[in-house]
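I have placed the structure first, in the form of structure tokens, so that the comments after it can refer back to it.
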Amino acid sequence: MNRQQLLWLFFGVSGRLSRAPYFLAGLLAQLVPAFFLYRFTLVPEASGASEVLATIFWVALLLSIWSSITLGVKRLHDFGQPGIIAASLLVPVVSYLVFLFLCFYPGDTGPNRFGAYVNSPR
């Protein structure tokens, strides 16, 4: 997978995404900020490293939130639904249920209005 495909996967909103890539990319998007949060807890509080790690964590968290939304939009496109429903991924408890639903609900077998192929921008 090249850099362009990775940028589309995590940050693009066009196209469709099947269940397995959605699940794996969603897990990765959640693990990155968790890793930096873990590293932040290991350094002394008043050190310069804690400030750097805190900044990296917040940047990673914001990128992770955006990634989760764009992954959800593409997954919803896979079964012909509008991407606005992905906003439900921002609601704390509902987000887990929506994530599981998107992981298990099958997509359209053929082309739909969001693209002819799965796992591609269009």
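Residues whose amide H falls under 5 Å from that of SER120, counting only those 5 or more places apart or on a different chain, are ARG16, with hydrogens built in the peptide plane.
In the neighborhood of ARG75, defined by Cβ-to-Cβ distances under 11 Å, what is the net charge if each Lys or Arg adds +1 and each Asp or Glu adds -1?
Working: positive: ARG16, ARG19, LYS74; negative: ASP78.
Every neighbour counted, the sum reads +2.
Each residue of segment 54-59 is assigned a 3J(HN,Hα), and the resulting list reads 5, 5, 4, 4, 5, 5 Hz, derived from the Karplus form 6.51 cos²θ - 1.76 cosθ + 1.60 (θ = phi - 60°), x at Gly and Pro. Less than 5 angstrom separates the built amide H of ASP108 from those of PHE79, GLY80, all sequence-distant by 5 or more or on a different chain. Considering only ALA49, ALA29, ALA87, the Gaussian network model of the chain with Cα springs below 10 Å gives its largest mean-square fluctuation to ALA49. If you plug the beta carbon distance of VAL52 and LEU27 into 1/(1 + (r/R0)^6) with R0 = 22 Å, you get a FRET efficiency near 0.30. Evaluating 6.51 cos²θ - 1.76 cosθ + 1.60 at θ = phi - 60° for every residue in segment 39-46, the Karplus couplings come out as 4, 4, 6, 8, 9, x, 4, 8 Hz, glycine and proline recorded as x.
Bear in mind that the values in this text are calculations on the coordinates, not laboratory data. If you're wondering where the values come from, they're calculated on a predicted model, not measured in any experiment. Backbone-built Cβ (ideal geometry, glycine too); neighbour counts: all protein chains shown.
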